Amino acid sequence: GAVVSQHPSWVICKSGTSVKIECRSLDFQATTMFWYRQFPKQSLMLMATSNEGSKATYEQGVEKDKFLINHASLTLSTLTVTSAHPEDSSFYICSAGDRLRPQHFGDGTRLSIL
Amino acid sequence: AQSVTQLGSHVSVSEGALVLLRCNYSSSVPPYLFWYVQYPNQGLQLLLKYTTGATLVKGINGFEAEFKKSETSFHLTKPSAHMSDAAEYFCAVSRYGGSQGNLIFGKGTKLSVKP
């Protein structure tokens, strides 16, 4: 089956730093990638939809200057949390899909900002 | 607009007992429905999906779900629970229809399995 790799799985950093999270589709070309955020004991909330070669589409309430998304190739999308603060601490999950298959999810990145 | 309601944030069953996780949806277009499972500190794994055709859908690990349009439901079942089934389960509907689009998730149901 399709495999989506997300890296890193866990990151701890100081407030004010920027953190980059990578999402790779390993065995298919993902025309679309999605970035979700999950708070403890809650569901996934879609942050943005990323299409290869174009600007990401952000959901209402998500700061696009805060959460930079780049989808430079059909196998890689990155989410950069800029100038991270403790309230940005969360579990971030990406998913990838194409026109033939439903979304497959990465294993998530737990971000802790001190 | 599409939405998903999962009844019961926590379900506890004994090993070997029937598992029933409830999901009701609202959709303005023919729904594409999904069940995902999430183990601690991991992403989501697709259990099964309904797109069109047969309303009883079989998935991995012995799970199945039945799409009932008249009841706007897509409940997940498994005849006999196993300890390894303990996890968080999410029901989802495709926001714009189709199996590849944005997903709207329910709030999840945590399944506990007692020995």
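Filter the range B:53-81 for residues that are at positive phi and in contact with a strand residue (DSSP E or B) (Cβ under 6 Å, 6 or more places away or on another chain) and give the result.
B:GLY62, B:THR72, listed by residue number.
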Against the definition (over 24 Å from B:ALA92 (Cα atoms), touching a residue at least 24 places away in the same chain (Cβ under 8 Å) and buried (at least 18 other Cβ atoms within 10 Å of the Cβ)), how does A:ILE12 come out, yes or no?
no
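For residues that are out of contact with any Lys or Arg (no Cβ under 6 Å at 6 or more places or on another chain) and modelled with pLDDT under 90, tally how many sit in the range B:101-112. If you could, list the steps in order and put the result at the bottom.
First, the residues of the range B:101-112 that are out of contact with any Lys or Arg (no Cβ under 6 Å at 6 or more places or on another chain): B:103, B:105-112.
Next, only the ones that are modelled with pLDDT under 90 stay: B:103.
The number of residues fulfilling the criteria is 1.
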Please enumerate the residues belonging to the range A:72-83 that are of a type in the set (S, T, N, Q), assigned to a strand (DSSP E or B) and either touching a His at 6+ places or on another chain (Cβ under 9 Å) or at pLDDT below 95 (or both).
A:SER73, A:SER77, A:THR78
Where in the range B:1-114 are there strands (runs of 3 or more DSSP E), lying fully within it, with 2 or more residues that are crowded, with 17+ Cβ neighbours inside 10 Å?
B:3-7, B:10-14, B:19-26, B:33-38, B:44-50, B:64-68, B:73-78, B:87-94, B:103-105, B:109-114
When you look at B:LYS107, is it closer than 26 Å to A:GLY108 by Cα and touching a strand residue (DSSP E or B) at 6+ places or on another chain (Cβ under 8 Å), yes or no?
yes
Criterion (surrounded by fewer than 15 Cβ atoms within 10 Å (Cβ to Cβ) and under 14 Å from the mean Cα position of the chain (by Cα)) met by exactly one of A:LYS41, A:LYS64:
A:LYS64
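Could you identify the single residue in B:SER80, B:SER73, B:SER26, B:SER9 that is touching a helix residue (DSSP H, G or I) at 6+ places or on another chain (Cβ under 8 Å) and farther than 23 Å from A:SER50 by Cα?
None of the others qualify; the one that does is B:SER80.
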Which one is farthest from A:PRO8 (Cα to Cα) among residues in the range B:21-60 that are away from chain A (no Cβ under 13 Å) and β-branched (Val, Ile, Thr)?
B:THR55
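The values are calculated or read from the model by the stated rules, or taken from the named source; none is laboratory data. Given the structure is predicted, the values throughout are model-derived calculations rather than measurements. Glycine gets a Cβ as well: all are built from the backbone with ideal geometry, and neighbour counts include every protein chain shown.
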